[in-house]
Every structure is written in C-alpha cells, then in structure tokens.
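Here the structure is laid out as structure tokens; the discussion comes afterwards.
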Amino acid sequence: MRLRVLGSSAGGGFPQWNCNCANCLGWRRGTIAAKARTQSSVAISSNGDDWLLINASPDILQQVRENPPLQQARQVRDSGIAAALVIDAQIDHTTGLLMLRERGTPLPLYATPEVLGDLQDGFGLIKVLSHYAGFQLRPIALDGQPLQVPFLADVEITPVPLTSQPPPYSPHRGRPRPGDTIGLMMHDRRSDQRLFYAPGLGLMEPSVEAAMRQADVVMVDGTFWTEDEMVVNGLSRKLAAEMGHLPQSGPGGMIEHLDSLPAGKRKILIHINNTNPILCEDSAERATLAAHGIEVAEDGMEIVL
Ligand code: MLT
Ligand code: MN
Ligand code: ZN
C-alpha cells in the first residue's frame, strides 16, 4: 500500500490567505525556513492506479496537479480518485468534494452516519451535489469490522471512533458523538504493516492508545504546539481542547504519548496549523520533535507499507 500526503496543514493551509501571524508573514517575506502546505488530505492505493481520497480539502485541485498518480489519463475524462472517505465533516476535509462534481458517475463516499448527516443537513453538500455527479453513499459502521474498499486489494481499513469536535456548523458542536470524528487503522495484509491516521485527535482514549501501539506508522494530530496557541496569538478565544485537538507540548501532550509507545515506530505529525512553531525547520520546537524521533509531514510525502 502507498500513502501520499496531499495536504499536511490544518484548515486554512500555510500560509493562510488572511493571516499575518509570525509564520504566515515570515513565509511571505522569506524570513523563515518553512515550506508552504495545503490543507489536510491523504490518498492511498494498492495498485498505484486507483486511489482512495481520504479527506477532500479545499486545495484538492492544486493537490491533483501536484500528485501525478491521481491523474492516470486512461481516457479523455479520467481521474485516479476512485472513491473518497472523510473522517469528519469539517470544512477542510469535505469542501474538495464540490470540486469533483464534473465526474461522469456518482462518487463512492465513505463516512459515518453522523458525518453523512452533517454533510446532508448541516452543510447541504450532499443535496447540492445531487444536482451534479452525486454520491454513492457508503456508511461506515463503527462495529470494529474493517471496511473493504473494492479496489484496495489486501488493505483493510478499520475505523476508530475519536473524541474531537464536529464542525462549528454542526448542531452537535460542543456535544460530540462517537462517529463525528474517526481515525483509521490501515492494514496492508501483504506486508502485514499498519498505519494509524488521525489528523483530528482531542483526547487520548484507551482505544486510541491501543491503535497507536499496534501501528508501525503513527500519523497523528499535529495542529497545535500549545493549548492556548490561538489565544496568545490573538487569533481566537478557543483553546486547543475546545477545537478537538491535543497539543504536542506539556504534560499529557502528544509528545508524551508518542514517547510512551514501543520503540521502532515511525511517528509523524500531520494537520499542522499555520501558527505552530514546528513549521519552522530551525525552531527549538522542531528540534525537540527531532530529539523525540517525531517527524513533521510535508505535502508530497509518500509512505509505503
Ligand atoms: C480543525 O480541524 O479544527 C479545522 O482545521 C477546522 C476548519 O477546517 O476550519
Ligand atoms: Mn481540520
Ligand atoms: Zn498564520
């Protein structure tokens, strides 16, 4: 199985269009060592031709241009994107679906019933897109059984319910339900390797710890370095926890959790917010991650299981 990181940033991307925080301004002025990043998305394939898009970001058109395997050119209208799966109903993970409206056939869309409900009623996206190519809805059950995606031979994807937050537009914001956000355990049966993907992770529950222990590659929420990052930057009144993200630093933070895992795993942070100092390649925070053996995802990164 191959996984390509299409977008490694959180909602807004890096730099964010309207942001002049130290990172965004520094990137535009060329005064910091940091790479631009598009919004949160990955894609996986087992044959290299047919891809499952995991999260559909507002930057999807740029991501398709920058990832040639997603355009196989087998016929005059074609795409390597054979189906999509969204792990939540957040804007940064679902808006790209609007850009896929020119398909000739309905797009198979995998998501939990909670997410499909928000996309249907809160966002209206499913209704809007029914006037274009539309979807074949594939509800994801949280019964511990793996999904079998027809073109992903030898790959089992098991959803892991996570405690995070449904989107601000959801009637369930502030009262999260299992199914609002999931992580994915991807198991390649040929190599017998596992990757756990969870770009939105607010709380380290026992089921999440177990998934992280089992995985060979852990690719998890790298949104914020500190709990009050948005507040101290004057960008929001919300703490990381209120937004459904576990920060990296401090007691009980992501670094501590990743440190407690058995040795020999690849540990990668993804869904990095533009305020996060780890974006600066020469920052003290980035050096701390390196000292703990933790990588920071970049757009275009490829992982082979
Ligand atoms: C989040 O995960 O909290 C977001 O990136 C929200 C958004 O897309 O606006
Ligand atoms: Mn997000
Ligand atoms: Zn910024």
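Exactly one residue out of I81, I91 is within 13 Å of ligand 2 (Cβ to nearest atom) and touching a residue at least 12 places away in the same chain (Cβ under 8 Å), and it is I91. Screening the range 207-257 for residues that are in a helix (DSSP H, G or I) and more than 22 Å from D180 (Cβ to Cβ) and picking the one that is nearest to ligand 3 (Cβ to nearest atom) gives E229. Name every residue in the range 120-133 that is of a type in the set (S, T, N, Q) and part of a helix (DSSP H, G or I), in order of residue number. The answer is Q120, and nothing else.
Based on what the data block shows, is G117 within 16 Å of ligand 2 (Cβ to nearest atom) and part of a helix (DSSP H, G or I)? Answer is no for this residue.
Yes or no, residue by residue, for (1) more than 30 Å from S207 (Cα to Cα); (2) of a type in the set (A, V, I, L, M):
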{"site": "A83", "(1), (2)": "no, yes"}
{"site": "A89", "(1), (2)": "no, yes"}
{"site": "L107", "(1), (2)": "yes, yes"}
{"site": "G117", "(1), (2)": "no, no"}
{"site": "I126", "(1), (2)": "yes, yes"}
{"site": "F135", "(1), (2)": "yes, no"}
{"site": "I157", "(1), (2)": "no, yes"}
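Does P199 qualify as being crowded, with 24+ Cβ neighbours inside 10 Å and modelled with pLDDT under 95? Spelling it out, it is not the case that P199 is crowded, with 24+ Cβ neighbours inside 10 Å and modelled with pLDDT under 95.
Total residues in the range 264-281 satisfying the condition of being more than 23 Å from G12 (Cβ to Cβ) and either within 16 Å of ligand 2 (Cβ to nearest atom) or part of a loop (DSSP other than H, G, I, E, B) (or both): the figure is 2. Applying the criterion of at least 2 residues that are away from ligand 1 (no atom under 15 Å from the Cβ) to the helices (runs of 4 or more DSSP H) found wholly in the range 1-102 leaves 22-29, 60-66.
The values are calculated or read from the model by the stated rules, or taken from the named source; none is laboratory data. Just so we're clear, the structure is a prediction, and the values are computed from it rather than from any experiment. FYI the Cβ positions are ideal-geometry reconstructions off the backbone, even for glycines, and counts take in every protein chain you see.
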